[in-house]
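Notes follow the structure.
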Amino acid sequence: MTTILPALTCCGICLVMSLALPAQTPPTQSSPGQPTALADPSLDSRVESILRRMTLEEKVGQLVQYSAGQPTGPGTGRTDYDDMIARGQLGSLFNVVDPRQINQYQKIAMEKARLHIPILFGLDVIHGFKTEFPIPLGLASTWDPSIVEKASRVAAMEASASGIRWTFSPMVDIARDARWGRMAEGAGEDPFLGSAMAAAYVRGYQGSRLDAPDSIAACAKHYVGYGAAEGGRDYNSTEISEHTLRQFYLPPFHAAVEAGTASLMSAFNSLNAVPSSANPFTLKQVLRKEWGFRGLVVSDWSSIGELIPHGIAADGAAAARKAFTAGVDMDMVSSLYHDHLPELVRSKAVNEAALDEDVRHVLRVKIALGLFEHPYADEAASGKIWFQPESLALAQLAAERSLVLLKNEAGNAGKPLLPLSKSIQNLALIGPLAGDLSNSQASAENGFRTSLATALARQVGQDHLSRFKGTDVLGGTDDEISAAVAGANKADVAILALGETPDMSGEAGSRAHLGLPGRQQELLEAIVHTGKPVVLILFSGRPLTLPWAFEHVPAVIAAWFPGIASGPALARTLFGEVNPSGKLVVSWPRSVGQEPLYYNALNTGRPPGNTDLTHPPASTDQRYVSRYIDEQNTPQFPFGYGGSYTTFSYGATKISQQKLSAAALNRSLSDKDKADPVLKIEADVSNTGSRAGDEVVQLYIALRGTSTAQPVRALKGFRRITLAPGEKRTVEFELRPEAFAIWNDRNELAAEPSHVTLWISPDSAHGSPADMEILP
């Protein structure tokens, strides 16, 4: 659905979470799930007690949802919510953020409706409620699920205090194409990392008990394949084989289900010519039968109505019938369930037993949330718990760890330009994005946000900082550029804050050109041509193709959109109080023509071999491999890459044994909850620089000789470590049988005899290999 980007959070309860973030290896995609309230058998008797008293119209009402607040897409066409609630014909509302209004609606449901079934209020709580954290792409760049879990806990506490008990988050779509703006809302291109982040969001939102007053129901979206939209155009069609679907796109959703997510959202897109909101294979076969999901499935905004333009439904009744029979429980805003389901049941076109089952899914979530016992928001408490000190500290830590140092070469002094010295006499801050990028008006009004300019002034003194807009994000004048150039000429160092505005990514933010919008490239080149040292800070919801910048600018930081603490986080990083440690979760393209671009690709029958791909083919023999004749194959920066103010070295990858048995692995896979590790992998990692730093150590695997082609590398583990200067540590990973399982040529998950290569490395393009065999 359409995304509200503001941070939206805490009920008078201080955070009990420690801000110490231990190194960890995340669970694999098939690790045991967390206990879920939805599986509690005691819910069933309560559900049945309500269900047997419901009329047909009341049953359908539980499957109906409308937007009653600020619309985030086409209007619903309805305003008679009070009357519908009183008649038991509405189960959920969203985009209502005022606790007084929430209580007004809820009072109608609890006092006037015949069965007193509470309304479930939802909202796009994407990266915070009021305390705004980095966008999800930035949060994922921390490679720290514990930060994601804690940030989601803050969001849940703040949102629930306002009466919002359901968030349409996390977005767990695999995103391989930077043209697709919704890349900003997810964890990038890798299913292993995406699975770890998906589970962390669910744990954070839902807490230890779903019925706790500070818990909100998670909603994993968009199910499924939405991130593969053709041409990177939002809402567009996707073609994904079942093998690729199972191996790459489904795992993060499975991880969310295993973690206990209360709901999923069906996507806008068609998948292999079947719209995702009318796809019984994904919604019933995979989700219900294979995964045993007991929560509710809600459509995306009017995606049931969109079955008509998709071409699989001639009218609203047909669209309602197809979505319902495929497995969509709740209709978001199209009103087609309300308008047509009762008659479809009466005419026997829809089985009432199937209707009952969908109602069970909705009631089970409402009961599990404790809404029947505690339906109302505490109007006096909600605003008091926004922007708690612990929440703000966590937001700053998350922002600092989300920043990715892409380049840091020598400045005029012959050493890396960053970190900057506080003795700078004249620092010029230039660019249209140096101001407040917040979408949260409350944070600005209440003084909880410090701008980048203010934060830099605290570092060097107000008298030593000058500020120039230079251009707008789109547009700008010659005089503005000239003023910025004049300011740079007087400066010791120029910091440029360039990129996109937040609304240029996210939903409906597809871009065909991924360079700097407007006249920003012109501004950048003009400032660089002054000869002064330049630091470029990129604000964006995706990688931007900037070959000129990466060739000519000595220092570049990918800041994404860092949230409420963006100013202090960037200033502390620029001046070395924080050593950057973020790592890319998407491959950074050199040009838009490389898209879709992702590290875990399959090899081809004509691999490059020893062919030099850093220039166009010099001979006929060099042409006939999988390559471009005018661009390198490799990304500007690989998945997993991120710089530091210190340096790290990696020793040889060592493994505990040279052979494993496919038969033994498959026996263990049948009881994965009890499976012990079958292989230990380790490597020495040393801090060879002069300052302490965090490093995200990554483990990759490649399999050859299997029945289906496997990626050239696949992430199977990661661990954040902190090393003092000169310190060396042996980093160890343990792999369980599922790490070696693949989706084979029969679309079965199994281990096969194969040659295995493993790397412990700083990113997806480096590391020393270790080899072993999986025997029959």
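Please treat every number below as a calculation from the coordinates, not as lab data. Not measured: the values here are computed from a predicted model. FYI the Cβ positions are ideal-geometry reconstructions off the backbone, even for glycines, and counts take in every protein chain you see.
Each principal axis of region 371-427 carries a Cα extent, and these read 67, 25, 14 Å when sorted largest first. When the Debye formula is applied to the Cα atoms of the chain, each taken as the same point scatterer, what base-10 log of I(q)/I(0) results at q = 0.05, 0.06, 0.08 Å⁻¹? Evaluating at q = 0.05, 0.06, 0.08 Å⁻¹ gives log10 I(q)/I(0) of -0.26, -0.37, -0.66.
Here the mean projected area of the convex hull built on the C-alpha positions of region 484-589 is 7.4 nm². With contributions of -39500 (n - 2.57) from each DSSP H run of at least four residues, the per-residue ellipticity at 222 nm computed over the chain stands at -7500 deg cm²/dmol. Computed on region 415-574, with alpha-carbon pairs under 8 angstrom and 6+ residues apart, the relative contact order is 30 percent.
Just so you know, the Rg over Rh for region 681-776 is 1.07, from Cα atoms, with Rh as the Kirkwood radius. Counting only residues at least eight positions apart within a chain, or on another chain, the aspartates and glutamates with an alpha carbon under 18 Å from that of Lys532 are Glu409, Asp492, Glu522, Glu551.
Here the Kirkwood formula puts the hydrodynamic radius of region 122-257 at 14.7 Å, using every distinct Cα pair. Net charge of the neighbourhood of Leu417, taken over other residues with C-beta under 12 Å away and scored Lys/Arg +1, Asp/Glu -1, is +1. Anything over 32 Å Cα to Cα? Flag those among Lys107/Lys221; Lys107/Lys130; Lys289/Lys654; Lys130/Lys716; Lys289/Lys583, in the order listed. Checking Cα-Cα distances, Lys289/Lys654; Lys130/Lys716; Lys289/Lys583 exceed 32 Å. Restricting the calculation to Cα atoms, region 224-279 yields a radius of gyration followed by a Dmax of 11.4, 33 Å. Residue-normalised convex hull volume from the C-alpha trace of region 525-571: 79 Å³ per residue. Could you tally up the Lys pairs in region 325-479 with alpha carbons closer than 24 Å? Skip any pair fewer than 8 positions apart unless they're on separate chains. Value for region 325-479: 4.
Could you sort 654-667, 726-739 so that the peptide with the highest average Cβ count within 10 Å comes first and the rest follow in order?
Working: 654-667: 14.8, 726-739: 17.9.
Final packing ranking: 726-739, 654-667.
At a Cα cut-off below 13 Å, give the aspartates and glutamates reachable from Lys659, other chains included and same-chain residues fewer than 8 away excluded. Answer for Lys659, where 13 Å is the Cα cut-off: Glu752, Asp771, Glu773, listed by chain and number.
Answer rounded, prolate or oblate for region 442-511, using the Cα gyration tensor with square roots of eigenvalues a ≥ b ≥ c: rounded when a/c is under 1.5, else prolate when a/b is larger than b/c, else oblate. Oblate shape, in that a/c is at least 1.5 and b/c is the bigger or equal ratio.
Using the Cβ atoms and a cut-off under 12 Å, what net charge is assigned to the surroundings of Ala393, where Lys and Arg are +1 and Asp and Glu are -1? Result for the local shell: -1.
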